[in-house]
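Worksheet: one structure, shown below.
Just so you know, all these numbers are worked out from the coordinates, no wet-lab data involved. Given the structure is predicted, the values throughout are model-derived calculations rather than measurements. So basically every Cβ, Gly included, is an ideal-geometry build from the backbone, and we count neighbours across all protein chains shown.
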Ligand SMILES: [Fe+2]
Ligand SMILES: [Fe+2]
């Protein structure tokens, strides 16, 4: 059954933190590399609202179903960032507003603007752009959910596992909407298929690449996706991309990880 905006809206809401014992992290702290991954995830989840600012300058703002989705989606992503902030704070780390304010000052200096909005302002107009946006969103959400799954497995911490399970469930709703819209919109237009394929193969990069330092992108990708299990997770996403109309054999994920230099591998500084 296709996920519609109505079915997504009826499920959307604030992340349920009932019964999550954040104090457990004080008694049983996470290993340094897991914490470093969570800092990245905290920053990227909280960056969603700035990404939305850019998206609303594209043709996405003309479609009321898309703007309804984005309104609920940005709310859910904000609470993912807040939940991760709770984990960082339990470890005595700065998180939430002070950390976000410092990051935004850095983004302002670098005038960070999302790749998608740059593409929209360049040449990708109207409905074809929305097909690209939905495809890009599906790939980012697949990757994010896979990243949380790998972190949950690697960290082996019961409280973190339960928190990430709840976050992943909401990422699953985002996936359903983006992937369902991407499939339908690509199916309707050969032009959208062609433009999307071109944009993905030239400009898609792992989530957070536009705003996080290169070193942190390299660390996260390698920490979570190196090794057999990581490679399996990436190949699974590539197979999902293959099934989208006109997007087969792009190998985006496996190519992106192969492009990370060896020196970027772990270990917490
Ligand atoms: Fe999220
Ligand atoms: Fe998401």
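Summary table below
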item: Residue within the range 11-20 that is surrounded by 14 or more Cβ atoms within 10 Å (Cβ to Cβ) and free of Cβ contacts under 8 Å to residues at least 40 places away in the same chain present; result: no
item: Of residues in the range 43-59 being more than 16 Å from ligand 2 (Cβ to nearest atom) and touching a residue at least 40 places away in the same chain (Cβ under 8 Å), the one surrounded by the fewest Cβ atoms within 10 Å (Cβ to Cβ); result: 57
item: Sole exception among (1) at positive phi; (2) within 12 Å of ligand 2 (Cβ to nearest atom) for residue 19, by number; result: (2)
item: Residue that is nearest to residue 243 (Cα to Cα), among those in the range 159-180 that are touching a residue at least 40 places away in the same chain (Cβ under 8 Å) and more than 14 Å from ligand 2 (Cβ to nearest atom); result: 180
item: The range 187-213: number of residues that are in contact (Cβ under 8 Å) with a residue 40 or more places away in the chain and under 15 Å from residue 44 (Cβ atoms); result: 7
item: Exclusive hit being surrounded by fewer than 22 Cβ atoms within 10 Å (Cβ to Cβ) and within 25 Å of residue 16 (Cα to Cα), set 166, 239; result: 166
item: Residue check, residue 93 under 22 Å from residue 148 (Cα atoms), touching a helix residue (DSSP H, G or I) at 6+ places or on another chain (Cβ under 9 Å) and within 16 Å of ligand 2 (Cβ to nearest atom); result: no
item: Any hit, the range 88-97, residues being in a helix (DSSP H, G or I) and within 18 Å of residue 211 (Cα to Cα); result: yes
